[in-house]
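Visitor: This is the structure I have questions about; it appears just below.
The values are calculated or read from the model by the stated rules, or taken from the named source; none is laboratory data. What you see is a predicted model; the values in this text were computed from it and never measured. Neighbour counts are summed over all protein chains in view; Cβ atoms, including those assigned to glycine, are modelled from backbone coordinates with ideal geometry.
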Amino acid sequence: MMRLGWRQFRLQAAVAFGVLVVIAVVLAMTRPHLIYLYDVFAKAQTACASTGDCRDVTINLSQVDKLLELLGTALVAVPALVGAFWGAPLIAREFEAGTHRLAWTQSVTRTRWLASKLAIVGAGSVIATGLLSLMVTWWSSPIDRAHTNRFGSGMFGERNIAPLGYAAFGFALGVVAGLLIRRTLPAMATTLVGCLGIRIAFTYLVRPHLLSPVHKAVALDPDGTGFGSTNSGPPTLFPNPPSMPNAWIYSTHIVDNAGHGLPAQLVASTCPTLGTGLGGGPPPGSGHAVVRIQAPAGVQNALQECVAKIGASYHELLTYQPASRYWVFQWYETAIYVGAALALAGFCFWWIRGRAT
Amino acid sequence: MTAVLDAQGLGKRYRKQWALRDCTLQVPAGRVVGLVGPNGAGKTTLLHLAVGLLQPSAGSVGVLGARPAENPAQLGRVGFVAQETPLYATLSVADHLKLGEWLNPRWDARAAERRIDQLGLDRKQRAGKLSGGQRAQLALTLAIAKRPELLVLDEPVASLDPLARHEFLQHLMEAVADDGVSVVLSSHLVSDLERVCDYLIVLVGSRVQVAGDVDELLACHHRLIGPRRDAAHLPSDQQVIEASHTDRQSTLLVRSDGPILDPAWTVEQIGLEDLVIAYMRRAG
């Protein structure tokens, strides 16, 4: 049965392999220049750090590099595509053509038939996505080192091992959709939508709760704190989180030692002059939008004094995942998606034994 | 002797609709069984139950003394050609033979190759490009080369032109003669089955109307033509299947195990088609 499974899959496997080879060649050809660019960038940054003005230090990425950088982001769609084009038709196409009646009446049980198909095409899905992820991770490592934002969207799920979990899940979801819907095109559409929907929901609703975040108190930094006001209301302070490369910062709050937030009235009473001299409030008709205003030097001094006064009894509370947890999150995420894929595969076996006809 | 097909109160229900019900049958081995009935009568359901593609909702079905499709060995004992002879459109003729070889431990490669040669099929041709007749022949080849004890064919000739139909049935009969395999094949046309079957099952409205050896069925069914009379006045061993009356004359199709003794009747032999149609009308 494995041989039949491979015979049915080998053309698609060859196409995918060809695409991967082309991508590999292009990435290998462009990477040395990319490394050079980022080396120059890093040196320039070190040099300018002494003068304190690094505003003119930029990287001149070529159009090709920018395009390839997009490839990394596009990796977000690959598991959904794998599910739609390899998973969904796996059984739905047999149902549509009636060939399941041919396959299920040979001297091979349905269970084995399904097991071989899942093993071959499932492994193909995971391997292809894994290779792509490996290449993208390798190629974009200079960029990622400079960005220091490994948890960021378009980064965390598109590097290292997490895409393997997504690929397994996308494939299994596609197979289940094909098994239940029994028609290829609707099953493909369902897989695409389902895959992306679940990914988004997981990213925003589940991933932040996989590990409880770390809290850290830091003194208010007069230089790194801004202020603003909502709709001409009392001014609010906006602390800037300290530099924590590759950490995942959930929030920054200003609290006192008992953990109470900073009341807006307190800012107004402590610093009654804050915001005067800005030349008027926000333009009329800006509604509920938060308007941040770059203050002139005089106002900035007033703000720094104000922050120093408030900083006597209040501090900044950071809620974040430290950078060292990156691999824990990668493994958790991968394990959860692989687990879900196995559960879906189990459902396929149960369904095909008793209910499919 | 084990029945090739043994159904006891067999039924299949889809939601609230019975596709087949109260089916009790015993088909002896070594027969070519014709399963006849109009479209939608439940023929495909019965065949799918027999090859294990469907699970019964009621009763039980045994094939060659075992539960259909219960293990690979049992699957290997039954060859099946599904309706519209499904094949993998992108796979070639040669690929299909390999498929049969890979999936069936008792595969007879030489017989399969010989049949393909006889049929003159191009081994490199994709199955999707074959004519209806060629598809049916290839599907039959796959089913025969796994050397089954029972061959089940669901409307194998329905979509074939008369010549292809003739050739298909001829090949089927050759295989039966060579291997002594039992066959169950369905059709909505009696004429397809008349030449090849020696056992008949008439299925109408999800119920079996009559089943038996063709010669015995023909021997015990008669057409009686005589002066008009009420069917209720016949001897008790004569069961009226169909009756039609004019003002003065009655024509009855009766089933009677004994001879017809009443001299008032003119007794005529009937053909298989008449018999099937009479049962279909009665059920309708």
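Visitor: Just one of the numbered conditions (1) closer than 18 Å to A:Ala77 by Cβ; (2) surrounded by 14 or more Cβ atoms within 10 Å (Cβ to Cβ); (3) among the β-branched types (Val, Ile, Thr) is not true of A:Ile200; which one?
Guide: (2)
Visitor: Further question: Can you tell which of B:Ala41, B:Ala89 is assigned to a loop (DSSP other than H, G, I, E, B), more than 9 Å from chain A (Cβ to nearest Cβ) and small (Gly, Ala, Ser)?
Guide: Numbers: B:Ala89 fails: more than 9 Å from chain A (Cβ to nearest Cβ).
Testing whether each residue is assigned to a loop (DSSP other than H, G, I, E, B), more than 9 Å from chain A (Cβ to nearest Cβ) and small (Gly, Ala, Ser) leaves just B:Ala41.
Visitor: Return the pairs, sorted by first residue and then second, in which the second residue is of a type in the set (Asp, Glu), the first residue lies in segment B:1-21 and is touching a residue at least 40 places away in the same chain (Cβ under 8 Å), the beta carbons are less than 9 Å apart, and the residues are 6+ apart or on different chains.
Guide: B:Val4/B:Glu149; B:Gly9/B:Asp22; B:Leu10/B:Asp22; B:Gly11/B:Asp22
Visitor: Only one residue in A:Ala88, A:Ala115 is modelled with pLDDT of 95 or more, within 14 Å of chain B (Cβ to nearest Cβ) and either crowded, with 23+ Cβ neighbours inside 10 Å or on the phi < 0 side of the Ramachandran plot (or both). Which one? Quick ask: steps written out before the conclusion?
Guide: Numbers: A:Ala88 fails: within 14 Å of chain B (Cβ to nearest Cβ).
Just one listed residue meets the conditions, A:Ala115.
Visitor: Still on this structure, please answer the following. For segment A:186-204, enumerate the residues that are farther than 16 Å from A:Phe169 by Cα and at pLDDT 95 or above.
Guide: Step one: of segment A:186-204, the residues farther than 16 Å from A:Phe169 by Cα are A:186, A:204.
The answer is A:Pro186, and nothing else.
Visitor: Take the residues of segment A:31-85 that are under 21 Å from A:Ser140 (Cβ atoms), at pLDDT 85 or above and among the small types (Gly, Ala, Ser): which is nearest to the chain's Cα centre (by Cα)?
Guide: A:Ala77
Visitor: Now for a separate question. Condition first: within 14 Å of another protein chain (Cβ to nearest Cβ), touching a residue at least 12 places away in the same chain (Cβ under 8 Å) and of a type outside the set (A, V, I, L, M, F, W, C). Can you find one or more residues in segment A:62-73 that meet it? Can you show your working first?
Guide: Of segment A:62-73, the ones within 14 Å of another protein chain (Cβ to nearest Cβ) are none.
No, every residue in segment A:62-73 fails to be within 14 Å of another protein chain (Cβ to nearest Cβ), touching a residue at least 12 places away in the same chain (Cβ under 8 Å) and of a type outside the set (A, V, I, L, M, F, W, C).
Visitor: I would also like to ask the following. How many residues does segment B:97-116 hold that are within 14 Å of chain A (Cβ to nearest Cβ) and surrounded by 16 or more Cβ atoms within 10 Å (Cβ to Cβ)? Please lay out each step first, then the result.
Guide: From segment B:97-116, those within 14 Å of chain A (Cβ to nearest Cβ) are B:97-108, B:112; that's our starting set.
Those left that are additionally surrounded by 16 or more Cβ atoms within 10 Å (Cβ to Cβ): B:97-104, B:107-108, B:112.
Going through segment B:97-116 one residue at a time, the tally reaches 11.
Visitor: Looking at B:Val176, B:Val190, B:Val152, B:Val157, which one is more than 13 Å from every other protein chain (Cβ to nearest Cβ), touching a residue at least 40 places away in the same chain (Cβ under 8 Å) and buried (at least 20 other Cβ atoms within 10 Å of the Cβ)?
Guide: Working: B:Val176 fails: buried (at least 20 other Cβ atoms within 10 Å of the Cβ); B:Val152 fails: more than 13 Å from every other protein chain (Cβ to nearest Cβ); B:Val157 fails: touching a residue at least 40 places away in the same chain (Cβ under 8 Å).
Result of the check over B:Val176, B:Val190, B:Val152, B:Val157: B:Val190.
Visitor: Quick one: which residue in B:Arg114, B:Arg147 is modelled with pLDDT of 90 or more, assigned to a helix (DSSP H, G or I), out of contact with any Ser or Thr (no Cβ under 9 Å at 6 or more places or on another chain) and assigned by TED's automatic domain parsing to the domain that holds B:Gly62?
Guide: Numbers: B:Arg147 fails: assigned to a helix (DSSP H, G or I).
Result: B:Arg114 is the single residue among B:Arg114, B:Arg147 that is modelled with pLDDT of 90 or more, assigned to a helix (DSSP H, G or I), out of contact with any Ser or Thr (no Cβ under 9 Å at 6 or more places or on another chain) and assigned by TED's automatic domain parsing to the domain that holds B:Gly62.
Visitor: Also, I was wondering about something else. Facing chain A (nearest Cβ under 8 Å) and part of a loop (DSSP other than H, G, I, E, B) - does that describe any residue in segment B:121-137?
Guide: First, the residues of segment B:121-137 that are facing chain A (nearest Cβ under 8 Å): none.
No, segment B:121-137 contains no residue that is facing chain A (nearest Cβ under 8 Å) and part of a loop (DSSP other than H, G, I, E, B).
Visitor: Helices (runs of 4 or more DSSP H) wholly in segment A:109-185 with at least 2 residues that are over 30 Å from A:Trp248 (Cα atoms) - which ones? Before you say what the answer is, go through the steps one by one.
Guide: Working: elements: A:110-139, A:141-147, A:162-181.
The qualifying helices (runs of 4 or more DSSP H) are A:110-139, A:162-181.
Visitor: For the subset of segment B:44-78 comprising residues that are of a type in the set (D, E, K, R) and either surrounded by fewer than 16 Cβ atoms within 10 Å (Cβ to Cβ) or farther than 21 Å from B:Glu149 by Cβ (or both), which member is nearest to the other protein chains (Cβ to nearest Cβ)? Write out each step before concluding.
Guide: First pass over segment B:44-78, keeping only residues of a type in the set (D, E, K, R): B:67, B:70, B:77.
Keeping just the survivors that are either surrounded by fewer than 16 Cβ atoms within 10 Å (Cβ to Cβ) or farther than 21 Å from B:Glu149 by Cβ (or both) gives B:67, B:70.
On the way: B:Arg67: 13, B:Glu70: 9 Å.
Checked segment B:44-78; the qualifying residue nearest to the other protein chains (Cβ to nearest Cβ) is B:Glu70.
Visitor: Show me the strands (runs of 3 or more DSSP E) entirely contained within segment B:178-247 in which 2 or more residues are of a type in the set (Gly, Ala, Ser). If you could, list the steps in order and put the result at the bottom.
Guide: Working: elements: B:182-187, B:199-204, B:207-213, B:221-227, B:238-245.
Once the strands (runs of 3 or more DSSP E) in segment B:178-247 are filtered for at least 2 residues that are of a type in the set (Gly, Ala, Ser), what remains is B:182-187, B:207-213, B:238-245.
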